[in-house]
Amino acid sequence: MPKPKVAFYWCASCGGCEEAIIDLNEDTLKITDAVDIVFWPVALDFKYKDVEAMRNNEIAVSFINGAIRNEEQEKIVNILRKKSKLVVAFGSCSHLGGIPGLANLWDKETIFNTVYKKLPSVDNTNNTVPTTLNKVPEGELTLPEFYNTVRTLGQTIDVDYYLPGCPPPPDLIMDAITAILEENLPVKGSVLAPEKCLCDTCPRAENKLEKIVIKEIKRISEIIDDPDKCFLEQGVICLGPVTRSGCGERCINANMPCRGCFGPTKEVMDMGGKMISAIASILGIEGEENTSEEEVEKLMSKVIDPVGTFYRFSLPTSLLMRKRKDKH
Ligand code: SF4
Ligand code: SF4
Ligand code: SF4
């Protein structure tokens, strides 16, 4: 019996999600035993035309990482959608927009001007920026259109499942592959990770105070961390209350607060908004029952990068999605 065909593809990605597959170590052999990898541009020399020539639904599952930043990525994920029975958005960038999604604070023109003209290390006296069509003596060269707005995979094509994390951890990857091979999957659209929030599984929650009051917001570098204490109790913003569990508390175990790469739990619509609201409810001045608006503003001014703190992985899926183009 022929083995199920599997594809891996990367869009706007750092390559870490591809590394996560390699990090499966000897389990990679179990995968290659069980499936036929028919497309994996980062590792194997298949061509786009090989995929285009396949029958619709011929691929059992395509794992697609990275956000959608340009025309080529959009074209290929649409082809993979047609050729695949299942599409899994693999990792935070594909699931939520991730780090590339933070570029939604700017537009294409600003990004090109900065990257190709203004950076101190750039030597570009002709002010050349990439264009989609270039005529050269040998013929025409084309580049894909760079989009103004970064979108997630689910905002671009129909996605069957989401595998969260930056990158997804090996145990969740193996669980997902096993569930797909055994056809033992939850309802379409599910995130393949536990429903609980990170605080429910965090070792620091054991001694967590019933009522937390933050008198001063601090960065992790400004405290001597007490590993037995919740980060919020120490004034450090930790997105555990609004983030899905399943990562094995990777950052917490490395004495760093959670930044939300697993995305929101089911109940949370907008991670950043929910976390800002949670922080607002526990901010307080010592000895004062009600904290005034000015005092809250002063306390919050310690958050020097609010979008990077509250929407680090989720800006394109937030209610904001991007900064308005007329407000730079
Ligand atoms: S989810 Fe993280 S590891 Fe994966 S491509 Fe995005 S930034 Fe890289
Ligand atoms: S806020 Fe962070 S440190 Fe505190 S219990 Fe939740 S996950 Fe743990
Ligand atoms: S602790 Fe938070 S940011 Fe770190 S891996 Fe887990 S979900 Fe991602």
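The values are calculated or read from the model by the stated rules, or taken from the named source; none is laboratory data. Since the structure is predicted, the reported quantities are computational estimates derived from the model, not experimental observations. For neighbour counting, all protein chains shown are included, and Cβ atoms are generated from backbone atoms with ideal geometry for every residue, glycine included. Quick note on the areas: whole protein, heavy atoms, side chains included, nothing else; ligands and nucleic acids left out. Shrake-Rupley method; radii C 1.70, N 1.55, O 1.52, S 1.80 Å.
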#### Entry: Subset of the stretch 93-132 (residues that are small (Gly, Ala, Ser) and more than 19 Å from Thr152 (Cβ to Cβ))
Ser121
### Message
Any residue that is out of contact with any helix residue (DSSP H, G or I) (no Cβ under 7 Å at 6 or more places or on another chain) and touching a residue at least 40 places away in the same chain (Cβ under 8 Å) - is there at least one of those in the stretch 177-188?
### Response
yes
### Query
Within the stretch 253-262, which residues are on the phi < 0 side of the Ramachandran plot, more than 14 Å from ligand 1 (Cβ to nearest atom) and surrounded by fewer than 23 Cβ atoms within 10 Å (Cβ to Cβ)?
Asn253, Ala254, Met256, Pro257
### Query
Do you know which of the residues in the stretch 48-68 that are under 22 Å from Cys17 (Cβ atoms) and among the small types (Gly, Ala, Ser) is nearest to ligand 1 (Cβ to nearest atom)?
Gly66
### Query
Consider Val307 against the criteria (1) open to solvent by 70 Å² or more (accessible area, probe 1.4 Å); (2) under 25 Å from Pro168 (Cβ atoms); (3) in contact with a helix residue (DSSP H, G or I) (Cβ under 7 Å, 6 or more places away or on another chain): it satisfies all of them except one. Which criterion is unmet?
(1)
